[in-house]
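Below is one structure, written out as structure tokens; the observations come after it.
The values are calculated or read from the model by the stated rules, or taken from the named source; none is laboratory data. Just so we're clear, the structure is a prediction, and the values are computed from it rather than from any experiment. Cβ atoms come from the backbone with ideal geometry, glycine included; neighbour counts cover every protein chain shown.
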Amino acid sequence: MALSAFHGPLRRNPVNPRYFTDGTGKSIYLTGSHTWAVMADMWIEGEKPIITDYPGFLNMLADYGHNFFRFWQWPQLKCAVWNDKPTVFTPHPYQRTGPGLANDGLPKFDLTKWNDDYFRRLRQRVEMAGEMGIYTSIMLFEAWGIKTATDPTDPWPYYPQHPANNINGITDNPVLPNGRAWNYFSLHCPQLLEQQKSWIRKVIETVNDLDHVLFEVCNEVPLMPDAFDWMDHIANYVHEVERSMPKQHPVGITGEGGDQDTGYLMACPADWVSPGNGDLMDYRYNPPAADGTKVMIVDTDHMWGHGCDVAWVWKSFTRGMNVLFMDPWIRIPGEMGYYQDGSVSTNQRYYYKYDDMRRTMGYARKFALQMDLNRCVPHNELCTSGYCLADPGKEYLCYMPVPGAPEGFTLRGHPGQYSVLWFDTVTGKSQQGANTTGDKRFSLYTPFANSPTVAYIRKID
């Protein structure tokens, strides 16, 4: 697909603000896998360098019918929170000019001089995704590593902005009494904030002319008001920079990860948000219906980490949300001891649950492409399962999570003839059912005794 196949940058759909739209005016459902090593190559120091198979990753997305991923950025030179062994990250956006050596033993950075090779890679990789029809959300900052670090795994001493690693005279100290540099994600360090804004502007200049770009402020900041204020400020700054440029792109703010209340996300200045579990683990187990306050892009990253649940894809889709999966398709260097299924590591491409998750996101997108999402909204009341995305009187997609069990369904107030398509969510096979008459309540009897089922009911013109 040529980049010209996109019809302008995404913007919130004024007709159904649960989704984005473009110049076509149609709702665009976003879903896909994302994996950590899409921009930076990463490997254990002293071992053979691992070069990311980025084209292979994009081919995987396309093969499964995905159209969206998060473009991760890792700012540190080395040191990964998941691994006590030093982990190298490369490339970096600044030139290493010296004089003097940084904490990794290589020349210090000059933060006023850009590394052109870095931005060529950024541009090229975003373009490659666009050529395959895949939207790319560029992550501007990553906070999880600093937030959850221990002394041996703290990446802050290896940030280019750390005073020991550059020649630019930075004196800001973002380290709090807890020993972590959480104030890097605050408005309390003016020198660091100016460096951050310089970086943001350079990234925007690199990709502003592309239609298929979104921005994400930061991955999983510390759960504190100062970090929320910082994210608001950064989101507004991205909008401010782009206001004088040819194109404006959506900006997202993601949850802290875990059980954070979603009240802040609903009130923040972002165009899209990605919640954690929510107060009652609701976004994980029984996602609340999106009301259009924000475009909701729910992500396994902020709920499971390395984990997933295929039923959750259908639940989230029928509740009016877009879906992402944090996918270890590119294995993270080292062993993540807390990502285990018994004796089996979940830090691997072929863990048995992951293909089901990848396929299911593609299945949901196929239905999204068939439906008129400008008119379809969550209608929990129409099906006893509670999972129904519908334009009443026109089309209905109901998720029936219990294998073999019927669900009550109503077409009251909507006469006419309706077709019924049954979809086996395990095998991916469809089966045409008998047509039904509207203006009544009846039971949906799935033909699949061993699988959760989707029933797609559509009025016959």
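Scanning region 229-252 for residues that are crowded, with 21+ Cβ neighbours inside 10 Å, over 15 Å from the mean Cα position of the chain (by Cα) and not in a loop (DSSP other than H, G, I, E, B) yields TRP230, MET231, ILE234, ALA235, VAL238. Of the numbered criteria (1) at pLDDT 90 or above; (2) more than 30 Å from HIS212 (Cβ to Cβ), the one ASP261 fails is (1). If you check ALA62, ALA37 for being assigned by TED's automatic domain parsing to the domain that holds LEU106, in contact (Cβ under 8 Å) with a residue 40 or more places away in the chain and crowded, with 20+ Cβ neighbours inside 10 Å, only one passes: ALA37.
Does ARG18 qualify as being charged (D, E, K, R), crowded, with 22+ Cβ neighbours inside 10 Å, out of contact with any Ser or Thr (no Cβ under 7 Å at 6 or more places or on another chain) and under 26 Å from GLU220 (Cβ atoms)?
In short, yes.
Can you find a residue that is small (Gly, Ala, Ser), at negative phi, in contact (Cβ under 8 Å) with a residue 24 or more places away in the chain and assigned to a helix (DSSP H, G or I) anywhere in region 188-198? Yes, region 188-198 contains a residue that is small (Gly, Ala, Ser), at negative phi, in contact (Cβ under 8 Å) with a residue 24 or more places away in the chain and assigned to a helix (DSSP H, G or I).
The condition (being without any contact (Cβ under 8 Å) to a residue 40 or more places away in the chain, surrounded by fewer than 23 Cβ atoms within 10 Å (Cβ to Cβ), within 25 Å of PHE228 (Cα to Cα) and charged (D, E, K, R)) is satisfied by just one residue among ASP341, ASP279: ASP279. Just one residue in the set TRP312, TRP304 is surrounded by fewer than 20 Cβ atoms within 10 Å (Cβ to Cβ) and either outside the structural domain of PRO225 (by TED's automatic domain parsing) or within 18 Å of the chain's Cα centre (by Cα) (or both); that residue is TRP304. Could you pull out the residue among ASP461, ASP424 that is at pLDDT below 95 and not hydrophobic (A, V, I, L, M, F, W, C)? Exactly one residue qualifies, and that residue is ASP461. Restricting the first member to region 316-328 and to residues that are assigned by TED's automatic domain parsing to the domain that holds VAL298 and surrounded by fewer than 24 Cβ atoms within 10 Å (Cβ to Cβ), and the second to residues that are modelled with pLDDT of 95 or more and of a type in the set (S, T, N, Q), the beta-carbon pairs closer than 6 Å and six or more apart or on different chains are MET326/THR300.
Regarding VAL175, is this residue free of Cβ contacts under 8 Å to residues at least 24 places away in the same chain, assigned by TED's automatic domain parsing to the domain that holds GLU142 and either hydrophobic (A, V, I, L, M, F, W, C) or in contact with a helix residue (DSSP H, G or I) (Cβ under 6 Å, 6 or more places away or on another chain) (or both)?
yes
Taking residues in region 236-252 that are β-branched (Val, Ile, Thr), and partners anywhere that are buried (at least 17 other Cβ atoms within 10 Å of the Cβ) and in a loop (DSSP other than H, G, I, E, B), the pairs with Cβ atoms closer than 6 Å and at least 6 places apart or on different chains are VAL251/ALA270; VAL251/ASP271.
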